[in-house]
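The values are calculated or read from the model by the stated rules, or taken from the named source; none is laboratory data. These numbers come from a predicted model, not from an experiment. Neighbour counts run over all protein chains shown; Cβ positions are idealised from the backbone, glycine included. Just the protein is used for accessible areas: all its heavy atoms, side chains included, with ligands, DNA and RNA removed. Shrake-Rupley method; radii C 1.70, N 1.55, O 1.52, S 1.80 Å.
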Amino acid sequence: MLRYISKRLLYILMTLFLIVTVTFFLMRAAPGGPFSSEKQVPPEIEKNLNEFYGLDRPWYNQYFDYLVSIAKWDFGPSFKYKGQTVNDLINEGFPVSFFLGMESLLLAISIGVLLGIIAALNHNKWQDYTAMVLAVLGISVPSFIMASILQYFLAIKLGLFPVARWESLQHTVLPALALAATPMAFIARLTRSSMLEVLSNDYIRTAKAKGLSRGQITVKHAVRNALLPVVTYLGPLSAQILTGSFVIEKIFGIPGLGSHFVTSISNRDYTTIMGVTVFYSILLLVAVLLVDIAYGFIDPRIKLAGGKKGE
Amino acid sequence: MQQIPKEMFQPAIADSREAEKISKPSLSFWKDVFIRFRKNKLAMFGLVLLILLVFMAIFGPHMTKYDYATNDLMNTNQPPSSKHWFGTDELGRDIFARTWYGARVSLFIGLSAALIDLFIGVLWGGIAGYRGGKTDEVMMRIADVLYGVPYLLLVILLMVILGQGLGTMILAMTITGWINMARIVRGQVLQLKNQEYVLAAQTLGASTSRIMFKHLIPNAMGSILVTMTLSVPTAIFTEAFLSYLGLGVPQPLASWGTMASDGVQALQYYPWRLFFPATFICLTIFAFNVVGDGLRDALDPRLRK
C-alpha cells in the first residue's frame, strides 16, 4: 500500500512538473506579453514594471524562480488586479466554490444513485424508462444551457428560487442542482447497469431463498456491491464539477474561484490563469489519488497495481 | 392399398454430410454485428438522426436564400417566420442558415478531433502493446503522466495562448485527447498478440507493420469504433463550453456552441435564438451516445442486458 502511494505520488509530482513547465513556457509565448493590452507606457515605467515582476532576467532564472515559488505555494501576483496576488484570489474564492462543489457532489451522488436503484429494481418498467430518459437528457444538454434554462424557468418565471448571487442557503440550491445535473445522469446510468449485474448474481438468489425481504436484499446485499463502480467515478466526477463551476458560477453571479478564473480568461490575466490552472491541477490530482486509495480499502478484491511485487 | 405414384418418391440424400449441415448462411463478423445493431431500435433511431443531421449540414445552408454571415440590421431578432424559418439573431443573420452552417463547424470539430485521436492513439497504443517490454513501459508512463493533466484546463490554457480558431481548437483538444484511445488499443493488442494467428503470421515472416494493420488492428476495430463514436460528443461538448467562455470560433463563423452561448444571453426575450442551436447540440450528442452504446452491445453480445 505504501509502495503504491509513493509510486502514485511520484507520478503526481511528474505530472505537476509538466503542467508547471508547460504553463510557464506558454505564458512566455503568449502574444505581446502580459502588459500588451494596456495603454502605451513610457519605457522607464515599462522597465520598472519588468524589474518588479522579474521579467528582465534571463528565462532560466525566471523559470527556476517560478518552480520555487510554486513549491512554496505562492502563485504570484495578478497582472490585472493591482496589488492582489493569485493566492488572495484563491483564498477568497475557493471556500465559496468548495461549498458549492460539495453541495452538488452530494446532490449528484444521492439523487443519481437513487434514480439508478429505482430504475434497476423496476427493470423495463415505466420507472426505468423515466429515469433513463432523465439521464439521457442530463448527459446531452451542455451545462450552461441547462443552468440558463433552470434559472429562467425556476427562478425568473416561477420565482421558486433567488435568481442569482450568493447570500443564503436558498441561493445555493439552484446552482448546485445545475452543476449536479450531468454527473447525476452519469451516476444514474452507472448505478443502474451495475445494479442489474449484481441482481443477477447467485448470492442474491440465496438471499431471496433465505426469505429476506426485498428491502433487506436491496440495501444489504445489492446496493453495497453495486456502488463500487460509482466510487471509481468519483475522480472524473470531481473534475467535472470543478470545470462545471466556471460556467455555473458565472451564470449565477457567485463570487467563487470559477468565476474569477473565467474573468481572468476574458481579461487575458495571464498570471491568474496560470496560477489557478496549477492550483486546480494539484486539487484534481490529489482528489483522484484519494479516490483510488479509498477504492482499495472499500473493495478488498482490488490489488493496487504497485503492490503486487513487494507485498 | 392405395397406389402412390412413382414421381412422389425422391431418393434420400446419399451424402450423410449434407444432412448434418446447418443451413444458416455463413455471415461475416460485421454482417452479424449489423444484424444485432439493427434490432436495437434506439440505436437505429440515433443512426437515422445522425444521417439526417449530416445531410442537413451539407445541404441545409443551400436551402435558404440567406447567407450565414450577412448582417441585416433592419430585421434583427425576428421570431421564426415563413421568411426566416428559425428567426434571426441580434445582427439580423438568418438562424436557419447559421444553424446548418454551424452544424458543419461543430461536426467538423467533433469528427476531426476524433479522427486525430484515433490516428495517434492507434499508433501509440498499437506499438506500445505489440512491442511490449521497455518500449511499452516508457510509452505508457509518458501517457500516464499526460493523462494526469486535467483535460479542460489544458484546452483552455492553449486556447488563451494560441488564440481562437478552428485549427487551434482541434489541436488543443487532441493534445491529450488521444490517450484514452491509446490505452484501449494497447489493452486490445496485448490480448490479441498471443493468439495463434499472430504466431502463424510471424512464422510466415510477415513484417511488424503487416501484422499490426492486417491482423491486430482489424480485430481491435470494435472497441476502437466504440471509443471513437463516444469521443465525438465530448469534442462537441468541449466546443460549446469553450464558446461560452469566449474562446470559441471567431465571428462571423458560426458553430452551435457560439450560437447557443449568444442565445443564452437573449433567453428572456428571444428564446428561439437559444432553442435551435441547443436542440441540435442535444440531438447530436444523444445520437452519438446511443449509436455508441448500440455498437458496443452489437459488438459484444455477452455484455447485453
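Mind checking the mean number of beta-carbon atoms from other chains within 10 Å of the Cβ atoms in B:279-292? Can you show the working numbers first?
Working: counts 2, 0, 4, 8, 1, 1, 5, 5, 1, 1, 3, 2, 0, 0.
Counting other chains' Cβ atoms within 10 Å and averaging over B:279-292 gives 2.
Dimensions of segment B:64-109 from C-alpha coordinates, computed as largest minus smallest value along each principal axis and given longest first, are 32, 18, 16 Å.
Ranked by the mean number of other Cβ atoms within 10 Å of their residues, highest first, the peptides A:284-294, A:178-188 fall in the order A:178-188, A:284-294.
Summed over both chains, the accessible area lost when A and B associate is about 3400 Å², using a 1.4 Å probe. Across segment A:92-298, the volume of the C-alpha convex hull divided among the residues equals 131 Å³ per residue.
Modelled spin labels at B:Q2 and A:N87, positioned 7 Å past Cα toward Cβ, are 10.6 nm from each other. Note on B:235-247: average number of Cβ atoms from other chains within 10 Å of each residue's Cβ is 4. Rounded to the nearest 10 degrees, the inclination of helix B:95-131 to the longest alpha-carbon principal axis of chain B is 50 degrees. Would you kindly give the portion of the calculated P(r) for the protein assembly as shown that falls above 42 Å, as a percent of all Cα pairs? Here the long-distance tail beyond 42 Å is 32 percent of all Cα pairs in the protein assembly as shown.
The Cα trace of segment B:111-162 gives Rg and Dmax of 13.4, 39 Å, the first to one decimal, the second as a whole number.
In this structure, the amide hydrogen of B:T88, modeled 1.01 Å from its nitrogen in the peptide plane, lies closer than 5 angstrom to those of B:N77, B:Q78, B:I95, counting only residues at least 5 positions away or on a different chain.
Restricting to Cα atoms and excluding each atom paired with itself, what does the Kirkwood estimate give for chain B in Å?
Numbers: mean 1/r = 0.0440 Å⁻¹.
It works out to 22.7 Å.
Considering the options B:Y151, B:A12, B:Q2, tell which one lies farthest towards the positive end of the dipole of the protein assembly as shown, charges being +1 on Lys and Arg and -1 on Asp and Glu at the Cβ, about the Cα centre. Farthest along the dipole direction, towards plus: B:Q2.
Helix B:256-265 and the longest principal axis of the C-alpha atoms of chain B enclose an angle of approximately 40°. For segment A:196-286, the fraction of C-alpha pairs farther apart than 22 angstrom is 52 percent. Counting Cβ atoms of other protein chains within 10 Å of each Cβ in A:142-153 and taking the mean gives 6. The peptide list A:8-17, B:169-178, put in order of mean Cβ contacts within 10 Å with the highest first, becomes B:169-178, A:8-17.
Projecting the Cα positions of A:I293, A:F246, A:G215 onto the charge dipole of segment A:92-298 (unit charges on Cβ atoms of Lys, Arg, Asp and Glu, taken about the Cα centre) puts A:G215 furthest along the positive direction. Legend: distances between Cα atoms for A:K125/B:K41; A:K157/A:K250; A:K250/B:K65; pairs beyond 26 Å are A:K250/B:K65.
Computed from Cα atoms, the angle from the helix B:29-39 axis to the main principal axis of chain B rounds to 60 degrees.
Distance between the 7 Å Cα→Cβ label points at A:F153 and B:M63: 2.6 nm. Ranked by the mean number of other Cβ atoms within 10 Å of their residues, highest first, the peptides A:137-145, B:43-51 come out as A:137-145, B:43-51.
Taking the Cβ of A:L179 as the center, what net charge do the other residues with Cβ under 15 Å away carry, scoring Lys and Arg +1 and Asp and Glu -1? Don't skip to the answer; put the middle values down first.
Numbers: positive: A:K250; negative: A:E103, A:E249.
Neighbourhood net charge equals -1.
Sorted largest first, the spans of the alpha carbon positions of segment B:84-234 along the three principal axes are 68, 32, 19 Å.
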